[in-house]
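Asker: Below you'll find the structure I mean.
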Amino acid sequence: MRSLLVVLLGLTVVLVARPAAQTLDLAEARQAAAALPRLYGLVVSHRGTVVLEHYAKGYSATRPVNVKSAAKSVVSALTGIAIQRGLIKSVEQPAADFFPELRRDADRRKAAITIEDLLTMRSGLESTSGPNYGRWVQSRNWVTFALARPMVSDPGTTMVYSTGTSHVLSALLTRATKTSTWDFARTALGPVFGPQLARWPQDPQGIYFGGNDMLLTPRQMRAFGELYLNEGRLDGTQIVPREWVSASCRPRTTSRFDPGREYGYGWWIDDLGGHRSCYAWGYGGQFIMTFDDLDLVVVVASSTATSDERRGYRRDVLSLIERLILAPIARQGS
């Protein structure tokens with residue numbers, strides 16, 4: 001193999017060439033990526049080999065980026081590992097085993113909230129995201145604030161997307177593992193992330209943010225995607241239980257805002273260009289996308305300054321992936 005370094009308009013693009021019979025023509029994808037000013041990084045890994053890396057705005061393969069809500073997928077993986085190790089009984093275990101205040105609440109439905117309900121955003125608790133987000137992160141105790149929200153539906157029924165729900169999982173992991181979420185991630189996912197896992201923000205009680213602001217490099221994002229593409233295995237070692245990977249990418253509920261977008265255990269499930277994807281997704285346009293049928297991982301890192309809905313940015317990114325990455329790779333395999 002050989003690497004070709006191209007410098008174009010101050011943007012660094014690294015194309016890792018493959019044997020002639022397998023080389024993909026991704027020149028148009030590189031040009032389209034360079035034309036998106038909010039895109040900081042694009043990594044394409046096909047059959048376990050990186051075939052395209054593009055970085056801009058001073059970002060690189062090893063500079064951590066804020067993956068925003070893609071952190072929820074990492075917290076899900078850590079939950080699965082904790083269950084396998086016997087630190088958590090199962091997804092059916094009541095969250096009240098870790099947070100007794102749920103059993104003392106006047107609304108008796110809170111005592112029935114399970115770990116699976118937290119993973120699937122079906123706790124029934126009012127959301128801490130959207131208009132409630134600022135008040136939540138300014139509170140003195142994020143976990144208490146999230147658990148004190150009124151119930152808007154019965155547990156296990158309706159999806160109510162809430163970053164506070166995922167943060168409760170981080171607090172639960174902290175209690176179950178008797179260590180911080182960062183330290184558990186550093187050890188349990190160490191073979192995936194390597195020794196340089198950056199610390200990310202903590203709440204006033206020192207609990208690492210469970211649903212936002214996690215810092216990963218694009219290559220760490222790609223490695224995490226490869227882990228799930230390979231059913232939780234890395235170099236022959238099972239890191240995340242195979243059954244957990246399958247369960248995470250099995251639809252449990254659907255988005256209230258887009259009925260075609262489904263949700264599993266901290267992972268989104270949707271079709272793109274006729275190909276099923278299980279993916280982590282964060283505000284601004286952070287993606288770790290896996291495509292089983294193509295043996296493909298696509299990573300996108302973007303500016304977190306504004307929503308990926310602004311000016312059609314998400315549409316442009318997904319169009320780029322569909323037309324200029326998925327289509328040529330699918331043709332190659334046909």
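The values are calculated or read from the model by the stated rules, or taken from the named source; none is laboratory data. This one's a predicted model, so the numbers in the text were calculated from it and none came from an experiment. Neighbour counts run over all protein chains shown; Cβ positions are idealised from the backbone, glycine included.
Asker: Determine whether the stretch 225-239 contains at least one residue that is of a type in the set (Lys, Arg), in contact with a helix residue (DSSP H, G or I) (Cβ under 8 Å, 6 or more places away or on another chain), at pLDDT 95 or above and not in a loop (DSSP other than H, G, I, E, B).
Answerer: Looking for residues that are of a type in the set (Lys, Arg), in contact with a helix residue (DSSP H, G or I) (Cβ under 8 Å, 6 or more places away or on another chain), at pLDDT 95 or above and not in a loop (DSSP other than H, G, I, E, B), one finds at least one in the stretch 225-239, hence yes.
Asker: Another question, if that's okay. Do any helices (runs of 4 or more DSSP H) entirely within the stretch 99-190 hold 3 or more residues that are surrounded by 20 or more Cβ atoms within 10 Å (Cβ to Cβ), and if so, which?
Answerer: Helices (runs of 4 or more DSSP H) meeting the threshold: 115-119, 142-147, 163-177, 181-188.
Asker: Could you please let me know if residue 72 is in contact with a Ser or Thr (Cβ under 6 Å, 6 or more places away or on another chain), of a type outside the set (S, T, N, Q), buried (at least 22 other Cβ atoms within 10 Å of the Cβ) and modelled with pLDDT of 95 or more?
Answerer: yes
Asker: Can you work out which of the residues in the stretch 286-316 that are out of contact with any Leu (no Cβ under 7 Å at 6 or more places or on another chain) and within 15 Å of residue 35 (Cα to Cα) is modelled with the lowest pLDDT?
Answerer: Only one residue fits best here, namely 311.
Asker: Right, something else. Residue check, residue 77 against (1) in contact with an Asp or Glu (Cβ under 8 Å, 6 or more places away or on another chain); (2) under 13 Å from residue 265 (Cβ atoms), all met but one. Which one?
Answerer: Against the list (1) in contact with an Asp or Glu (Cβ under 8 Å, 6 or more places away or on another chain); (2) under 13 Å from residue 265 (Cβ atoms), residue 77 comes up short only on (1).
Asker: From 307, 302, 246, grab the single residue that is more than 27 Å from residue 215 (Cβ to Cβ) and of a type in the set (S, T, N, Q).
Answerer: Numbers: 307 fails: more than 27 Å from residue 215 (Cβ to Cβ); 302 fails: more than 27 Å from residue 215 (Cβ to Cβ).
Within the list 307, 302, 246, the selection yields 246.
Asker: Somewhere in the stretch 87-98, is a residue in contact (Cβ under 8 Å) with a residue 12 or more places away in the chain, within 21 Å of residue 147 (Cα to Cα) and part of a helix (DSSP H, G or I)?
Answerer: Yes - at least one qualifying residue is present in the stretch 87-98.
Asker: Could you tell me which numbered condition residue 259 fails, if it satisfies all but one of (1) under 15 Å from the mean Cα position of the chain (by Cα); (2) modelled with pLDDT under 95; (3) not acidic (Asp, Glu)?
Answerer: (1)
Asker: Exposed (fewer than 14 other Cβ atoms within 10 Å of the Cβ), part of a helix (DSSP H, G or I), of a type outside the set (Ser, Thr, Tyr) and out of contact with any helix residue (DSSP H, G or I) (no Cβ under 7 Å at 6 or more places or on another chain), is that true of residue 195?
Answerer: When the stated conditions are applied, residue 195 does not pass them.
Yes/no matrix, rows are residues, columns are (1) closer than 26 Å to residue 268 by Cβ; (2) at pLDDT 95 or above; (3) touching a helix residue (DSSP H, G or I) at 6+ places or on another chain (Cβ under 7 Å):
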position	(1), (2), (3)
127	yes, yes, no
137	yes, yes, no
144	no, yes, no
168	yes, yes, yes
174	yes, yes, yes
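Asker: Now, a different point. When you go through 225, 274, 232 one by one, which is the residue that is in contact with a Ser or Thr (Cβ under 8 Å, 6 or more places away or on another chain) and either surrounded by 19 or more Cβ atoms within 10 Å (Cβ to Cβ) or over 25 Å from residue 82 (Cα atoms) (or both)? Lay out the reasoning, then the answer.
Answerer: Values: 274 fails: in contact with a Ser or Thr (Cβ under 8 Å, 6 or more places away or on another chain); 232 fails: in contact with a Ser or Thr (Cβ under 8 Å, 6 or more places away or on another chain).
So the residue among 225, 274, 232 that is in contact with a Ser or Thr (Cβ under 8 Å, 6 or more places away or on another chain) and either surrounded by 19 or more Cβ atoms within 10 Å (Cβ to Cβ) or over 25 Å from residue 82 (Cα atoms) (or both) is 225.
Asker: Name the single residue, out of those in the stretch 80-98 being aliphatic (A, V, I, L, M) and under 23 Å from the mean Cα position of the chain (by Cα), that is surrounded by the fewest Cβ atoms within 10 Å (Cβ to Cβ).
Answerer: Selected residue: 87.
Asker: Then there's this: Regarding residue 242, is this residue under 18 Å from the mean Cα position of the chain (by Cα), basic (Lys, Arg) and under 24 Å from residue 65 (Cβ atoms)?
Answerer: On the way: under 18 Å from the mean Cα position of the chain (by Cα): yes; basic (Lys, Arg): yes; under 24 Å from residue 65 (Cβ atoms): no.
Criteria not met by residue 242.
Asker: Counting residues that are in contact (Cβ under 8 Å) with a residue 24 or more places away in the chain and among the β-branched types (Val, Ile, Thr), which strands (runs of 3 or more DSSP E) fully inside the stretch 245-326 reach at least 3?
Answerer: So the answer is 296-302.
Asker: Still on this model: Among 160, 137, 143, 152, which is the only one that is under 19 Å from the mean Cα position of the chain (by Cα) and of a type in the set (A, V, I, L, M, F, W, C)?
Answerer: 160
Asker: Give me the residue from the stretch 198-219 that is out of contact with any strand residue (DSSP E or B) (no Cβ under 6 Å at 6 or more places or on another chain) and without any contact (Cβ under 8 Å) to a residue 60 or more places away in the chain and, out of that set, surrounded by the fewest Cβ atoms within 10 Å (Cβ to Cβ).
Answerer: Checking each candidate, the answer is 206.
Asker: Take residue 101 and decide whether it is more than 24 Å from residue 180 (Cβ to Cβ), among the acidic types (Asp, Glu) and touching a helix residue (DSSP H, G or I) at 6+ places or on another chain (Cβ under 8 Å).
Answerer: no
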